[in-house]
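Structure, as structure tokens:
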Amino acid sequence: MADLEYQVRDGIGTILLNRPQRKNAFTMEMIDQWAAAIRSARFDPEVRVLVLTGAGDAFCSGVDLDDFTAGEKSVLDHKNVLTERIHQVALALEDFDKPVLAAVNGVAVGAGMDMALMCDIRFVGESARLSEGYVRIGLVPGDGGCYFLPRLVGTAKALELLWTGDFVDAATAVELGIASRSYPDDELLEQTYAFARRLADGPPVAIRAIKRTVHQSARTDLRTSLDLISSHMAVVQSTEDSAEAMRAFKEKRSPQFHGR
């Protein structure tokens with residue numbers, strides 16, 4: 001069994017972290033495969049939604065410290081491990097305009113929590129526990145926690161969680177807006193894939209345009225955002241999928257979308 005598995009089925013791509021014996025702590029080799037899977041899904045018309053989850057009773061316990069600290073490293077080496085290897089996943093997702101769902105089953109710690117935060121939506125199992133635990137081992141969040149977490153919970157709460165490394169349970173994760181929904185552990189994947197199926201069955205051009213606009217609008221002013229959406233609207237309205245949606249609405253049937 002591979003430490004990271006990627007498969008595509010019925011419009012949904014799944015990245016499975018598959019080292020349950022190490023709570024799915026990731027190695028540098030896994031990071032390379034992870035980023036490659038995202039890049040493959042980006043250009044694959046068969047993939048409309050991407051799901052990330054972990055095998056066994058954990059989502060991801062972060063980087064495998066044995067792999068991370070192996071061998072003598074200079075200051076530049078330590079920086080390059082992050083910028084040239086681990087950050088590949090965040091940067092690949094930055095360019096990925098299809099929906100990305102995280103099914104957080106169990107612990108998500110340190111870089112494992114960061115990897116969940118960089119997804120679009122997080123669903124958590126009732127036993128999930130999340131922590132930006134870097135400070136507990138004298139480190140700073142190395143994989144985007146200082147970027148993603150304040151955007152979800154606000155600056156003050158993010159600093160509290162980053163400074164303490166305190167664990168957040170499933171109910172609190174939903175309350176804070178870190179996760180969208182909590183499910184019984186044995187229903188988590190079923191419910192995540194049911195939601196993914198809804199998105200995969202939707203109009204892919206419109207769904208991707210919505211995601212792009214949300215992220216672009218967070219970095220610009222209202223007038224620019226409205227001008228941007230007028231361009232997106234004109235393009236989307238010209239697609240076959242838009243015409244099919246209108247026909248289906250009038251005929252009171254379910255539309256069939258083809259991404260064009």
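The values are calculated or read from the model by the stated rules, or taken from the named source; none is laboratory data. None of the values given here were measured: they were computed from a predicted structure. No Cβ is skipped: glycine too gets one built from the backbone with ideal geometry, and neighbour counts run over all protein chains shown. Calculation scope for accessible area: heavy atoms of the full protein, side chains included, ligands and nucleic acids excluded. Shrake-Rupley method; radii C 1.70, N 1.55, O 1.52, S 1.80 Å.
Within the stretch 223-240, does at least one residue satisfy the condition of being more than 30 Å from PHE148 (Cβ to Cβ) and in contact (Cβ under 8 Å) with a residue 12 or more places away in the chain?
Among the residues of the stretch 223-240, at least one is more than 30 Å from PHE148 (Cβ to Cβ) and in contact (Cβ under 8 Å) with a residue 12 or more places away in the chain, which makes the answer yes.
Against the condition touching a residue at least 24 places away in the same chain (Cβ under 8 Å), of a type in the set (S, T, N, Q), farther than 30 Å from HIS258 by Cα and open to solvent by less than 50 Å² (accessible area, probe 1.4 Å), how does THR27 come out, does it pass?
It is true that THR27 is touching a residue at least 24 places away in the same chain (Cβ under 8 Å), of a type in the set (S, T, N, Q), farther than 30 Å from HIS258 by Cα and open to solvent by less than 50 Å² (accessible area, probe 1.4 Å).
Is there a residue being in contact with a His (Cβ under 8 Å, 6 or more places away or on another chain), open to solvent by less than 10 Å² (accessible area, probe 1.4 Å) and either among the charged types (D, E, K, R) or without any contact (Cβ under 8 Å) to a residue 60 or more places away in the chain (or both) anywhere in the stretch 134-155?
Within the stretch 134-155 (the criterion being in contact with a His (Cβ under 8 Å, 6 or more places away or on another chain), open to solvent by less than 10 Å² (accessible area, probe 1.4 Å) and either among the charged types (D, E, K, R) or without any contact (Cβ under 8 Å) to a residue 60 or more places away in the chain (or both)), the answer is yes, since at least one residue qualifies.
Here are some conditions: (1) open to solvent by 20 Å² or more (accessible area, probe 1.4 Å); (2) farther than 27 Å from GLY11 by Cα; (3) among the charged types (D, E, K, R). ASP44 meets all but one. Which one does it not meet?
Among (1) open to solvent by 20 Å² or more (accessible area, probe 1.4 Å); (2) farther than 27 Å from GLY11 by Cα; (3) among the charged types (D, E, K, R), the lone unmet condition for ASP44 is (2).
Can you pull out the residues in the stretch 175-206 that are closer than 20 Å to GLY259 by Cα and of a type in the set (Lys, Arg)?
ARG197, ARG198
Considering only the stretch 227-251, how many residues are β-branched (Val, Ile, Thr), assigned to a helix (DSSP H, G or I) and either open to solvent by less than 60 Å² (accessible area, probe 1.4 Å) or on the phi > 0 side of the Ramachandran plot (or both)?
Residues meeting the conditions: 1.
Scanning for something out of contact with any helix residue (DSSP H, G or I) (no Cβ under 7 Å at 6 or more places or on another chain), within 25 Å of ARG122 (Cβ to Cβ) and not aromatic (Phe, Trp, Tyr), does the stretch 218-240 turn up at least one residue?
yes
Out of the residues in the stretch 69-104 that are farther than 30 Å from ALA206 by Cα and touching a residue at least 40 places away in the same chain (Cβ under 8 Å), state the one that is surrounded by the fewest Cβ atoms within 10 Å (Cβ to Cβ).
Going through the qualifying residues, I end up with LEU82.
Go through the stretch 112-137 and give me each residue that's in a helix (DSSP H, G or I) and either basic (Lys, Arg) or under 16 Å from the mean Cα position of the chain (by Cα) (or both).
Scanning the stretch 112-137 gives GLY112, MET113, ASP114, MET115, ALA116, LEU117, ARG136.
Is it true that ARG219 is basic (Lys, Arg) and loosely packed, with under 14 Cβ neighbours inside 10 Å?
For ARG219, the condition - basic (Lys, Arg) and loosely packed, with under 14 Cβ neighbours inside 10 Å - is met.
Could you say which residue among LEU117, LEU101 is under 21 Å from ARG48 (Cα atoms) and either of a type in the set (Ser, Thr, Tyr) or in contact with a Ser or Thr (Cβ under 9 Å, 6 or more places away or on another chain) (or both)?
Of LEU117, LEU101, the one residue that is under 21 Å from ARG48 (Cα atoms) and either of a type in the set (Ser, Thr, Tyr) or in contact with a Ser or Thr (Cβ under 9 Å, 6 or more places away or on another chain) (or both) is LEU101.
Evaluate the following for LYS211: is it touching a Pro at 6+ places or on another chain (Cβ under 8 Å) and either at pLDDT 95 or above or basic (Lys, Arg) (or both)?
The answer is yes for LYS211.
What number of residues within the stretch 165-207 satisfy the criterion of being open to solvent by 60 Å² or more (accessible area, probe 1.4 Å), in a helix (DSSP H, G or I) and farther than 24 Å from LEU16 by Cβ?
Adding up the residues that qualify gives 2.
Would a scan of the stretch 9-16 turn up a residue that is exposed (fewer than 14 other Cβ atoms within 10 Å of the Cβ) and closer than 30 Å to VAL205 by Cβ?
yes
Could you tell me which of the residues ASP169, ASP227, ASP186 is under 19 Å from ALA103 (Cα atoms) and over 20 Å from the mean Cα position of the chain (by Cα)?
Sole residue among the options that is under 19 Å from ALA103 (Cα atoms) and over 20 Å from the mean Cα position of the chain (by Cα): ASP186.
Provide a single number: the residues in the stretch 126-143 that are in contact with a Gly (Cβ under 7 Å, 6 or more places away or on another chain) and not polar (S, T, N, Q).
6
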